[in-house]
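The values are calculated or read from the model by the stated rules, or taken from the named source; none is laboratory data. Computed from a predicted model, the values in this text were never measured in an experiment. We place every Cβ from the backbone using ideal geometry, glycine too, and count neighbours over all the protein chains shown.
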There are 2 protein chains.
Amino acid sequence: MWSIDEVLEKLKSRGYKLTGQRKAIIEKLCGRKDHPTAEQLYSELQKSHPAISFATIYSTVQLLAEMGFLQILTIDDKKTHFDPTPETHAHFFCQRCGLLEDIDMSQEERDTLKRLSKYRARSMQVYLYGLCHECDKK
Amino acid sequence: MWSIDEVLEKLKSRGYKLTGQRKAIIEKLCGRKDHPTAEQLYSELQKSHPAISFATIYSTVQLLAEMGFLQILTIDDKKTHFDPTPETHAHFFCQRCGLLEDIDMSQEERDTLKRLSKYRARSMQVYLYGLCHECDKK
DNA sequence: AATTACCTTTAAATAGTTATAAATTAAGTA
DNA sequence: TACTTAATTTATAACTATTTAAAGGTAATT
């Protein structure tokens, strides 16, 4: 995982400006284990930044993804989720309630998968779909 | 892979009607190795069914997915692709040109992945992202 | 041929995301 | 500190893929 300062430094070193909005978004993401959507970040940021816009959120998050600090997940076809943990791992998605959980994967497993293609894979996603325990009961 | 008749029978056995549109869509998908979008199916069906609608395409494809005849891929965040090969395998997506290719995976590999989660996985997707050979040159 | 429930079409709505242009601001410089 | 400039943010509108609702059409059974 990364620290706020680490991200800010990299932004600066690449010539990006350290704006209040960027800092706020980075702080909101730092250390999180869940997978917020743009909507979620937007509403969480209302208190500190009532005027923040979706455009800023989307562009910042994209920047962070390009710099390798987060992953953009398309596991949920309704909306995009952001994962502040950049290291490759798998995800489980409950098709009933939308629960989205991390799943560990060994380095060996990751390497094996990345080598499956004849092209060089920059990144990878492993998505498992099903029902969580709660939803399976019903 | 499945045959047209196989799909029609299953539809019938589940009480669904065998309409001309459904048959046409199933025929268009049968045996395909690519991953058409709704748009693509729509335009390909214009000749034989000039009045077909997106609503029909989306609902039929969803039906086929529920019955296990195709997979709905969210590898491309711009649009959904349909994969008429229902057996689990991986996919590669070129982030520059959009090339979308199948990748084989051993049964063993599939089982290992599906067992990673504490929940029972009904289905799984493995997406590799990068540049195809063409795009990598530039 | 008549019936009926299901299906397709049309049209409009929805929702997530992106583009544009004007206003703001970070950061370097005098 | 004030000034300058280019990057960034905001507000708004646009866009696009997908879904929904209502009305008419049709497959399958009688």
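A residue that is in a loop (DSSP other than H, G, I, E, B), surrounded by 15 or more Cβ atoms within 10 Å (Cβ to Cβ) and hydroxyl-bearing (Ser, Thr, Tyr) can be found somewhere in segment A:99-118. Being more than 12 Å from DNA strand C (Cβ to nearest atom) and either under 23 Å from A:ASP76 (Cβ atoms) or among the acidic types (Asp, Glu) (or both): is that true of A:LEU45 here? Answer is yes for this residue. Would you check if A:GLU109 is over 20 Å from the mean Cα position of the chain (by Cα), at pLDDT 95 or above and within 21 Å of A:MET1 (Cβ to Cβ)? In short, yes.
Does B:THR85 satisfy being farther than 21 Å from A:ALA121 by Cα, of a type in the set (Ser, Thr, Tyr), outside any helix (DSSP H, G or I) and more than 9 Å from DNA strand D (Cβ to nearest atom)? It is true that B:THR85 is farther than 21 Å from A:ALA121 by Cα, of a type in the set (Ser, Thr, Tyr), outside any helix (DSSP H, G or I) and more than 9 Å from DNA strand D (Cβ to nearest atom). Applying the set (1) over 28 Å from A:ASP104 (Cβ atoms); (2) facing another protein chain (nearest Cβ under 7 Å) to B:LYS138 leaves exactly one unmet item: (2).
Filtering segment B:119-133 to residues that are more than 26 Å from B:GLN95 (Cα to Cα) and either outside any strand (DSSP E or B) or in contact with a Lys or Arg (Cβ under 7 Å, 6 or more places away or on another chain) (or both) leaves B:TYR119, B:ARG120, B:ALA121. Of everything listed in (1) at pLDDT below 95; (2) of a type outside the set (A, V, I, L, M); (3) over 23 Å from B:THR112 (Cβ atoms), the single unmet condition for A:ASP136 is (3).
The condition of being touching a strand residue (DSSP E or B) at 6+ places or on another chain (Cβ under 8 Å) and under 21 Å from A:ARG96 (Cα atoms) holds for only one of B:ARG122, B:ARG110, that being B:ARG122.
Of the residues screened, B:LEU45 is not one that is near DNA strand D (Cβ under 10 Å from one of its atoms) and over 16 Å from the mean Cα position of the chain (by Cα). Being within 11 Å of DNA strand D (Cβ to nearest atom), in contact with a Ser or Thr (Cβ under 6 Å, 6 or more places away or on another chain) and modelled with pLDDT of 95 or more is a property that does not hold for B:GLN40. Among the residues of segment A:53-105, those identified as near DNA strand C (Cβ under 8 Å from one of its atoms) and in contact with a strand residue (DSSP E or B) (Cβ under 7 Å, 6 or more places away or on another chain) are A:LYS79, A:THR80. The set of residues in segment B:86-101 that are among the charged types (D, E, K, R) and within 10 Å of another protein chain (Cβ to nearest Cβ) contains only B:GLU101.
In the condition set (1) surrounded by 15 or more Cβ atoms within 10 Å (Cβ to Cβ); (2) charged (D, E, K, R); (3) closer than 24 Å to A:ASP111 by Cβ, B:ASP83 is compliant with all but (3). In this structure, is B:PRO50 closer than 21 Å to B:MET1 by Cβ and more than 13 Å from chain A (Cβ to nearest Cβ)? No: the conditions fail for B:PRO50.
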